[in-house]
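In what follows, a structure is listed as structure tokens, so that the remarks can point back to it.
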Amino acid sequence: MTSPGDPDITGLLLEWSAGDPEALNRLLPAVYRELNRLARRELLRERPGHTLEPAALIHELYLDLVDQRQAQWQNRAHFFGVAARLMRRILVDHARARNALKRGGGGAGVVQIEAAGEVADAARGPGRVDLVGLDQALERLSARSPEQGRIVEMRFFGGLTVEAARDGSEVRLRRNGQLLAAFAPLVHVGDTLPRLKLAQDAWPLQYAGDGLSVSLDATGDGDLSVKIVSAQPAEGPVVRSYGPLEQGLFAGVEYLGKGEHSSSTLDIETPEHLRFEPDPMKVTMPLMATVTDRASVAVAWDDMTLQPVFAVPDFLDGTPSHRMALQAKGEGTAKSIQAAIRIGDGWGAGGRLEPLILWAVKRRGLPPLPAPPRSFDEQMKLSLAAYRGMVFDPETGGYYHAVVPGRREIRGGYFADHASAIWRITGQAPELPQLQFGGAHVANHASYFVTGRAADWLRTINGMADGLIQSQQPDGSYRYGGTYRRGHFEDTASGICSRPAYQLLEHAYHTGSQASLAASLKTLEFMKRFRTPRGAQTWEVPLHTPDILASGQAVWAYVRAYQLTGDRNHLAEARRWAVTGLPFVYQWSNQPIMLYATTPVYGATHWKGPNWIGLPVQWCGTVYAYGLLLLAPYDDTLDWKQVAEGILICGEQMQYPDGPSIGCLPDVFELESQSRRPADINPGALVSLRLLIAGKLDNLSVAADGQHRVVAPFPVTLRDGAMHIDAQAGVKYQVLVDGARIVDVTSQGQDTIPLDAGTPRR
């Protein structure tokens, strides 16, 4: 931070770049202290008794900087990065001169620097590299190819430079002289710190040691690949990223925002908060990633038996960098570690987690769908058994949302969602004295329209919309109304805002309400500030806790906004939030029921354990899947339908196939034991998803032509001043026109009804 009296270093750099020779003279006094620190750092890496003093090194640096007057300086960080690189060049030249004097006189002296970098692990000791040999190798091999050498300097994109030490101690990745990331291809084998030797003088680099080999390669798309083969358990690569954290991800375990720490107690207060080395079964997909102000860095792998390690910042080694590593454990057989490393832009240049997530998914491809456990008809029959069994309340004739066997029910009533599911399955709605809004995790309102209660539904959703508009903050946000807890930077989150947003948009979608549309769009604009899906399940988890439900609700909201406005910016946001949900979805499996299972949150169910990490709660995933099915017709970034269908099939696998809870969806499914854990939840969301996947209408049909908007329980189209409804002969149903008029219909099978028909209702 500069004081009011400090010179404008960036301004002086720009003046110098523009051709003002005096700008350098004004600049050097301003940066002398920092240059002196850099010089001392470089000289500390030298042999004892070096003839150069810091002042002399800075003087020579000045002469070199004069030749850099045409450089396009970006900022002070760019300047100091170049300065450090020029200092090293000066030291190389001095080493060459010293070697020339000593040639033939008792062996060549060498200039050595620490290959382990500024944040080297002291326990490893300083790795040393022959700086002269390094430089000579680079010059020699650059004549053949810029992508070969013992010390390889490659520019993949945006000035990215890769420097690999010939002893295998470290690879550094820089952009414009600034250190972005570094990794050690191999840290240890068993309890030893092996020394590697270069075995192949060409790209890809090949290193060898006692009982092990390491190869380093670069792919055509700018990724680095590392392969380690060892006779003993090994750790590597250990990847470090630098700079203040903007985002972080350890798929299945950590989902971090700006300045946050992994393994924190914000969501888990018990010892389980130490989750830097979790059971690999808790990892949903093979990805660790960080985004800092300098760069986005991701590590991906394929062998899910490897042990990933994630410490952000690196509390394991006590450094300010961010640590991502892989371990191959076990005795008796050769161990292999293969990993891919991707480096992208920093936060200020547009770097985000979402491209890294897509990269990790696409490099492996979406896993094939599990085999559906039942046919469509069998699946409907099984779900119907739940409504006639555990979910049914024989005393009231109503239904439960969920039931805990042997204990009291959870939320009971004459739920419209349940009546709608039963009607879709059987063609007959149950006779209920009234309908209660909700019941399932995916709404289904059709029962209102086939029981003569469309007016009740309209009054309910109008009242809900009015309440949401009234509770909206002036900035478009919604705020957490419960007891505020520590652990979050404010009393709102993406999930806090996305739920009322999609509810208002559903109201606008069905009624054409401009007030609801305007309010929801204001909320969606406010939501662009959020980086992490969190805050959708505050009844059970802290506000801070990242969760898949927030992703699903946001996708749902932005797709509806696009459908209502035609603004493709909303599709871009829907796509972003769809990608944020992917790390909650299991994309590998070593159990019969595991593939496409969905982890609900990254954290704990309560402030004090037990934790949910690695315990799928599939109903959360079904909401996300429904949002993906809404997105799929408009976006081909990924096969969103396949992801949604995979989530659905996994949920159908989890359903109770028999017994007292037959047809219910368990609240929690234990992967390792392959056991179901109550509460037992109604299967309404599964019914809706299965209908939608099969190309059938699951809820209400909406048709609009710019002048009129029609809602019906059967597929409807508008043309020639009439609504055309593909219904079922003999069925009595209702239609809502323009959010105000309700039309009563006795179906002839193919119904044509004038758009001006009906009576206003509210």
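Where a number appears in this text, it was derived from the coordinates with a stated rule and is not lab data. What you are looking at is a predicted structure, and each value in this text was computed from that prediction instead of being measured. Glycine also receives a Cβ, built like all others from the backbone with ideal geometry; neighbour counts cover every protein chain displayed.
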How many percent of all Cα-Cα pairs in region 425-544 sit more than 26 Å apart? 31 percent
Going through region 328-408, which GluC sites (Glu not before Pro) have at most 16 other Cβ atoms within 10 Å and a DSSP loop state? GLU331, GLU395
Given 20 °C and 1.002 mPa s, compute D for region 633-712 with the Stokes-Einstein relation, Rh being the Kirkwood radius over Cα pairs; round to the nearest whole µm²/s. 143 µm²/s
Of all the Cα-Cα pairs you can form in region 287-388, what percent are over 18 Å apart? 65 percent
When a footprinting reagent is the concern and you count Cβ atoms within 10 Å, what order do GLU163, GLU672, GLU431 take, fewest first? GLU431, GLU672, GLU163
Averaging over every viewing direction, what projected area does the convex hull of the Cα atoms of region 702-760 cover, in nm²? 3.4 nm²
In region 182-287, GluC sites (Glu not before Pro) in a DSSP loop with at most 16 other beta-carbon atoms within 10 Å: GLU269
Using the Karplus curve 6.51 cos²θ - 1.76 cosθ + 1.60 with θ = phi - 60°, work out ³J(HN,Hα) for each residue of region 263-278 in order, rounded to whole Hz, and write x for Gly and Pro. 6, 8, 9, 5, 10, 10, 9, 7, x, 5, 5, 7, 10, 6, 9, x
How many percent of the alpha carbon pairs in region 218-366 exceed a separation of 29 Å? 13 percent
Would you order HIS724, HIS441 from fewest to most other beta-carbon atoms within 10 Å of each residue's own beta-carbon? HIS724, HIS441
Regarding region 423-487, what's the average projected area of the Cα-atom convex hull, expressed in nm²? 7.1 nm²
Order of LEU180, LEU35 from fewest to most other C-beta atoms within 10 Å? LEU35, LEU180
Taking only the Cα positions of region 574-713, the convex hull volume per residue in Å³ is 146 Å³
Radius of gyration, Dmax [region 558-626; alpha carbons; angstrom]: 15.2, 45
Links exceeding 22 Å between C-alpha atoms in this model, out of LYS282/LYS329; LYS258/LYS362; LYS641/LYS732; LYS258/LYS528; LYS696/LYS732, come to LYS258/LYS362; LYS641/LYS732
